[in-house]
Protein chains: 10
Amino acid sequence: MLFHVRMDVSLPHDLDPNRRAELLAAQQDRELELQKLGVWPHLWRVVGQYSDIGVFDVPSNDELHAFLSSLPLWEFTEVEVTPLAQHPSDLAARP
Amino acid sequence: MLFHVRMDVSLPHDLDPNRRAELLAAQQDRELELQKLGVWPHLWRVVGQYSDIGVFDVPSNDELHAFLSSLPLWEFTEVEVTPLAQHPSDLAARP
Amino acid sequence: MLFHVRMDVSLPHDLDPNRRAELLAAQQDRELELQKLGVWPHLWRVVGQYSDIGVFDVPSNDELHAFLSSLPLWEFTEVEVTPLAQHPSDLAARP
Amino acid sequence: MLFHVRMDVSLPHDLDPNRRAELLAAQQDRELELQKLGVWPHLWRVVGQYSDIGVFDVPSNDELHAFLSSLPLWEFTEVEVTPLAQHPSDLAARP
Amino acid sequence: MLFHVRMDVSLPHDLDPNRRAELLAAQQDRELELQKLGVWPHLWRVVGQYSDIGVFDVPSNDELHAFLSSLPLWEFTEVEVTPLAQHPSDLAARP
Amino acid sequence: MLFHVRMDVSLPHDLDPNRRAELLAAQQDRELELQKLGVWPHLWRVVGQYSDIGVFDVPSNDELHAFLSSLPLWEFTEVEVTPLAQHPSDLAARP
Amino acid sequence: MLFHVRMDVSLPHDLDPNRRAELLAAQQDRELELQKLGVWPHLWRVVGQYSDIGVFDVPSNDELHAFLSSLPLWEFTEVEVTPLAQHPSDLAARP
Amino acid sequence: MLFHVRMDVSLPHDLDPNRRAELLAAQQDRELELQKLGVWPHLWRVVGQYSDIGVFDVPSNDELHAFLSSLPLWEFTEVEVTPLAQHPSDLAARP
Amino acid sequence: MLFHVRMDVSLPHDLDPNRRAELLAAQQDRELELQKLGVWPHLWRVVGQYSDIGVFDVPSNDELHAFLSSLPLWEFTEVEVTPLAQHPSDLAARP
Amino acid sequence: MLFHVRMDVSLPHDLDPNRRAELLAAQQDRELELQKLGVWPHLWRVVGQYSDIGVFDVPSNDELHAFLSSLPLWEFTEVEVTPLAQHPSDLAARP
């Protein structure tokens, strides 16, 4: 089941530099891990912004929430989730 | 080059039914055609809405505008384009 | 899987009165039918507005889209879907 | 009498960790307590966000305000209340 | 129980003049009737706009919805309801 | 002359607790004082929020500004003023 | 007493041309008349838009509403009124 | 003097086709004419939309309004004007 | 050339009290100075807010930017500039 | 390929003055450097605001993101990117 997820990150400018570096490294580790699990098939950066657009493929809403809230930067991220359905003109889904 | 495109369709309720049917059929033909050309690799429907989210892969802004404005329902569609860049954690782009 | 759905209905004032009456009757029939199927466990009216707030319980995004777009007034309805997860303090889910 | 309540929590990143832990524990205690009282029949988490959607069942506006402002995280929560009425197609209310 | 209600009226410019006149007269009759019933203790016009701000005093959400949707111009009115509680500094409520 | 005033209070979480307590006490004193003066005939709390809705009765815009900016919490309050006129259906104003 | 008034005019494209011409002429007559009365000391056009920004000088809210709603294009105009007070640095008001 | 101008065009779907064609041709003539006059040095189309972004170079606000309101599609265009100043880092303006 | 300027001031609550007092005094000096220069013919306070509405009369956009950014509180002020043109019904501009 | 870029800068008022001065100098160096590279053909300041409007000319989205995120003030800047296409009435593009 596919979900469109937009994430806008906003780090406080007075965050301790060490904590900041740790958070960024941990975030990247988790991003790679979720991709390897196959639950995050698409991940892009929005040009000019500290924002991501991605598509998740998960079996349920509860698992999606668990994945998103497991991101180390989640506390500093505005997340917007949009459920997706198959498009009637989707070429890949046609016989 | 990738672009995120959201399209919200809004057909006037007093549109002539024949013109409506023709437009919908022509729109689907063009959607399939652009997918076959390889310029529209992802296309989803937003759950509950007459709206699409897609990703285009085109060589230039001018070609993207030409493709979008060639859609038969373009006149009735609110289109929002967001340029995408490669994400630093994109698994597919790592060696 | 639960989804929060808000629906704001807006009927054109120049809609033919017979078509209007037919649409309203068909909408109510479908609302009752979906409730009987068990996919629409909660349905409320927003005080003062021609708007509904409901919760759907469906196995997938695709089925949710199919149910919502089957509503006779769908063409005249602005629909906003919000995926829900179990709340960590939900009393009903505690042993 | 039913009220739809959306709550968006936003904790300051420089909140003292002990105070934070105390607040979260106290919030959960109060959430369970209000559910046991029967005034908070539905409580969900919004997927991807530190936000709740709930339905309260209370005898008056004043009691609703007293319950909401008694939540330990109230100071850090944006609350939006929408009064609900019985839906004309509500299956549960039909003979 | 008090509710703050803002109503913004928007009549279609091509409404039949006779129907318009009938609606306006019926609206005023109903406005006077609800005031006489004691359920609409305050009613003001917003300066410069075809908009009203009022306060209703009703025993329940369902009755408030019934009153509001009984207004002849309801179909052409955007209604926003805000539940009110007693203010802790309200002079009238102090001994 | 009547003015509708909405006030949304937002206190910084790191405000000194003593200053906070002083401000809240001074605010309540001033709220009672202005009511006794007869310039603030209606004052309600918005359910679920640290927000007030009130109606002021003042001889001029300048006096209204003086009253509002004299509130001890004014610095922390977002204020929105809407001028009110007599409603053509106001029962109290009819002979 | 001064009020800042912004007016955005929006004429339906299918308005009868004769009625349109009559309305525009009547609007200009009324605009000149109100200026001659001294109640509309400032009147500007917003560059690029069918919108005006003006300042009214009136003895009361009720008279302001009467003047604004007497404009022939009022039905097609979105009006926003902002009450003004004397500025503490206003040179004209200093001895 | 430079002004940034965004123009969003919205033609009614029931506009007479002949009038539509005439308007579009007249609009293009006027766009070329203003460019030849040197008052419209930059003109771009927004990708995916019936919208333009341009920069005007004019001696005064009044002339800018005259140019913009002379466009044949002005009646169907939402126009937003932003005055521009020389940027302190503008390479072209440095000796 | 006239420009409508709205300024919303927002001072951080933890600003050093001495710096605050100095800034406020310097702001008032500059406001008086610009009025004496004749470039700021109208200046009002918005009732209930720490906001100003003014009209500037300047020979160019660059000078307007220089004047506005010379205000001591500019760093704490949200500024919105709207270019004004002569109104076709402006009484003062008629022979 | 052209992109319209709006940048709104917002520096925290408690930023260390030395770091602030360094950032501003580095930002200007980078702004000049990108202009000399030919990728930033237009750069203007928005009158009254700490905001820029510019046009970038780059071969790809990825390069645009690299240029924008290389700006020393990027962390404090809200960036909005709009892809541009050639306008059908662009005089410069006509034979």
Practice problem: Run the 1.4 Å probe and let me know the accessible area of D:L23, rounded to the nearest 10 Å². | Solution: 20 Å²
Quiz item: Per-residue ellipticity at 222 nm for chain C, helices alone: DSSP H runs ≥ 4 residues times -39500 (n - 2.57), over residue total, nearest 500 deg cm²/dmol?
Solution: -10000 deg cm²/dmol
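In Å², nearest 100, what accessible area do chains B and A bury in total when the solvent probe is 1.4 Å? Walk me through the numbers before you get to the answer.
Values: alone 6590 and 6590 Å², together 10570 Å².
In total, this chain pair buries about 2600 Å².
Partner chain Cβ atoms within 10 Å, averaged over the residues of J:49-55 - can you pull that number for me?
Numbers: counts 11, 4, 2, 4, 7, 2, 4.
Mean partner-chain Cβ count within 10 Å for J:49-55: 5.
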Quiz item: Since chains I and D are linked by a rotation, which residue in I has the beta carbon closest to its axis, and how far is it in Å?
Solution: I:D14, 7
Quiz item: Any idea of D:D14's accessible area? Nearest 10 Å², probe 1.4 Å.
Solution: 90 Å²
Self-check item: Selection from E:A92, E:V79, E:S51 lying farthest towards where the dipole of segment E:3-95 points positive, charges on Cβ
Solution: E:A92
Quiz item: On average, how many beta carbons from a partner chain sit within 10 Å of the beta carbon of a residue in F:73-85?
Solution: 6
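Place a +1 charge on the Cβ of each Lys and Arg in chain C and a -1 charge on the Cβ of each Asp and Glu, then give the dipole magnitude about the Cα centre in debye, rounded to the nearest 20. Write out the running numbers ahead of the final one.
On the way: 7 positive and 15 negative charges, 66 e Å.
The calculation lands at about 320 debye.
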Quiz item: At a 1.4 Å probe radius, carbon and sulfur cover how many percent of the accessible area of segment J:1-78?
Solution: 50 percent
Quiz item: On a 0 to 90 degree scale, rounded to 10, what angle separates helix H:17-37 from the longest Cα axis of chain H?
Solution: 20 degrees
Quiz prompt | Along principal axes, Cα extents of segment G:2-85, largest first, whole Å | solution = 41, 24, 19
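Give the average, rounded to an integer, of partner chain Cβ atoms located within 10 angstrom of each Cβ in D:21-28.
Values: counts 0, 0, 0, 1, 0, 0, 1, 3.
Other-chain Cβ atoms within 10 Å of each residue's Cβ, averaged: 1.
Averaged per residue, what accessible area in Å² does chain I show with a 1.4 Å probe, protein chains only?
On a per-residue basis, chain I sits at 44 Å².
Quote the Stokes-Einstein diffusion coefficient, in whole µm² s⁻¹, for the protein assembly as shown, based on the Kirkwood radius over alpha carbon pairs, a temperature of 25 °C and a viscosity of 0.890 mPa s.
Numbers: Rh = 31.2 Å.
Answer, rounded: 79 µm²/s.
Residues with beta-carbon under 10 Å from that of I:V5, excluding I:V5: net charge, scoring Lys, Arg +1 and Asp, Glu -1? Display every interim value, and only then the final one.
Numbers: positive: I:R6; negative: I:D52, I:E80.
Charge balance near I:V5 sits at -1.
The values are calculated or read from the model by the stated rules, or taken from the named source; none is laboratory data. In this text, all values refer to a predicted model and were calculated from it rather than measured experimentally. Neighbour counts run over all protein chains shown; Cβ positions are idealised from the backbone, glycine included. Remember, those area values only see protein heavy atoms, side chains included, never the ligands or the DNA or RNA. Shrake-Rupley method; radii C 1.70, N 1.55, O 1.52, S 1.80 Å.
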